1. Among 39, 24, what is the fewest-to-most ranking by other Cβ atoms within 10 Å?
2. Based on the Cβ-Cβ distance from residue 17 to residue 93, what FRET efficiency comes out when R0 is 25 Å, to the nearest 0.05?
């Protein structure tokens, strides 16, 4: 995840590395700041400028599996659901590789 942007009830714009951090300060998740974007927050509000275009964002498995808290949203997906799917697939692949005599009831 690049960066999460949120807003507090008083309108203050905040940024965090994970969406769950927004929950801690009672801010609502607004959007993910895309790679290559420059955001300027001042007394006039929010301005967004694209400095570098990234037509195909690259995802990092470490964001989904190791580094983030389970209640985070990463790449617009629930981290809990991503992990559940990942570990389910891993278990399925592992069990497929076992010989019948290796399986226990």
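Every number in this text was worked out from the coordinates using simple rules, so none of it is lab data. Everything quoted here is computed from the prediction, not taken from an experiment. Quick reminder, even Gly has a Cβ in these numbers, built from the backbone with ideal geometry, and neighbours come from all protein chains shown.
1. With the sparsest Cβ surroundings first, the list reads 24, 39.
2. The computed FRET efficiency comes out at 0.20.
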